[in-house]
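The values are calculated or read from the model by the stated rules, or taken from the named source; none is laboratory data. Please read these numbers as outputs of a predicted model, since none were measured by experiment. Glycine also receives a Cβ, built like all others from the backbone with ideal geometry; neighbour counts cover every protein chain displayed.
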């Protein structure tokens, strides 16, 4: 495939970026793609015998068909579940885009595709001047937007889409993730987003999220056909 990776962002934190990224990784791997994963920055990690570990990063690694050292997959890992730039400042560290680019290059060298999951939303800060959007920029990969389908998602999704477009990033599509099964006018909200963003790569029902990873083989096939 020509596209060597995808950057998965979201309309907010807790909208299902890890769920989607892990499911997409699994689907690509099952289709025969050598797929690696990356969680450039993670906040809210736990201390283990092997060091700090992010549950999100570990979930992605469990589905990858290309293995890599944890430090390559998740170069910056912080204990508190707070904004990355604050967590980095508390740890007296500076998140370096050149480091992230180098780690991504290591993954690309052994894989057909790398699924990169951001943290928080598209403009979540990583330094005093840079954000998750800058990670997507330096890696030069298409962006997939996960939309948490709940009240307020239209504004969040359209603002994020405009920001992606304003940065001339390659928009690969969006995902409708049913985070609120009781959402009123869910179908109407989805149609509104379809009219502006196109048909979603995948629609994940709320009930499907509770048990196991959703089957994203159709979404994986669409992405493979584009690349």
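Comparison of 199, 188 shows that the only residue that is modelled with pLDDT of 95 or more, in a loop (DSSP other than H, G, I, E, B) and out of contact with any helix residue (DSSP H, G or I) (no Cβ under 9 Å at 6 or more places or on another chain) is 199.
Within the range 98-110, identify whether any single residue is at pLDDT 95 or above, more than 18 Å from the chain's Cα centre (by Cα), assigned to a helix (DSSP H, G or I) and closer than 21 Å to residue 47 by Cα, and answer yes or no. Within the range 98-110, not a single residue is at pLDDT 95 or above, more than 18 Å from the chain's Cα centre (by Cα), assigned to a helix (DSSP H, G or I) and closer than 21 Å to residue 47 by Cα.
Residues in the range 164-178 that are under 21 Å from residue 123 (Cβ atoms) and more than 16 Å from the chain's Cα centre (by Cα): 165, 166, 167, 168.
The single condition among (1) crowded, with 21+ Cβ neighbours inside 10 Å; (2) over 20 Å from residue 137 (Cβ atoms); (3) touching a residue at least 24 places away in the same chain (Cβ under 8 Å); (4) touching a strand residue (DSSP E or B) at 6+ places or on another chain (Cβ under 8 Å) that residue 63 does not meet is (1). A single member of 145, 158, 201, 223 is buried (at least 17 other Cβ atoms within 10 Å of the Cβ) and without any contact (Cβ under 8 Å) to a residue 60 or more places away in the chain, and it is 201. When 213, 193 are screened for being in a helix (DSSP H, G or I) and either at pLDDT below 90 or within 19 Å of residue 8 (Cα to Cα) (or both), only 193 passes. Applying the criterion of being over 13 Å from the mean Cα position of the chain (by Cα) and within 13 Å of residue 117 (Cα to Cα) to the residues of the range 37-60, the residue that is surrounded by the most Cβ atoms within 10 Å (Cβ to Cβ) is 54. For residue 137, the conditions (1) within 25 Å of residue 43 (Cα to Cα); (2) in contact (Cβ under 8 Å) with a residue 24 or more places away in the chain; (3) not in a helix (DSSP H, G or I) all hold with the exception of (3). Tell me the residue from 168, 182 that is at positive phi, at pLDDT below 95 and surrounded by fewer than 19 Cβ atoms within 10 Å (Cβ to Cβ), please. One residue alone meets the criteria, 168. Surrounded by fewer than 17 Cβ atoms within 10 Å (Cβ to Cβ), touching a residue at least 24 places away in the same chain (Cβ under 8 Å) and touching a helix residue (DSSP H, G or I) at 6+ places or on another chain (Cβ under 8 Å): is that true of residue 75 in this structure? For residue 75, the condition - surrounded by fewer than 17 Cβ atoms within 10 Å (Cβ to Cβ), touching a residue at least 24 places away in the same chain (Cβ under 8 Å) and touching a helix residue (DSSP H, G or I) at 6+ places or on another chain (Cβ under 8 Å) - is not met. Among the residues of the range 116-134, are any farther than 13 Å from residue 15 by Cα, surrounded by 22 or more Cβ atoms within 10 Å (Cβ to Cβ), modelled with pLDDT of 95 or more and out of contact with any strand residue (DSSP E or B) (no Cβ under 7 Å at 6 or more places or on another chain)? Looking for residues that are farther than 13 Å from residue 15 by Cα, surrounded by 22 or more Cβ atoms within 10 Å (Cβ to Cβ), modelled with pLDDT of 95 or more and out of contact with any strand residue (DSSP E or B) (no Cβ under 7 Å at 6 or more places or on another chain), one finds at least one in the range 116-134, hence yes. Note on the range 3-33: among residues that are assigned to a loop (DSSP other than H, G, I, E, B) and touching a helix residue (DSSP H, G or I) at 6+ places or on another chain (Cβ under 9 Å), the one that is surrounded by the most Cβ atoms within 10 Å (Cβ to Cβ) is 11. Would it be correct to say that residue 152 is farther than 24 Å from residue 23 by Cα, at pLDDT 95 or above and surrounded by fewer than 22 Cβ atoms within 10 Å (Cβ to Cβ)? The answer is yes for residue 152.
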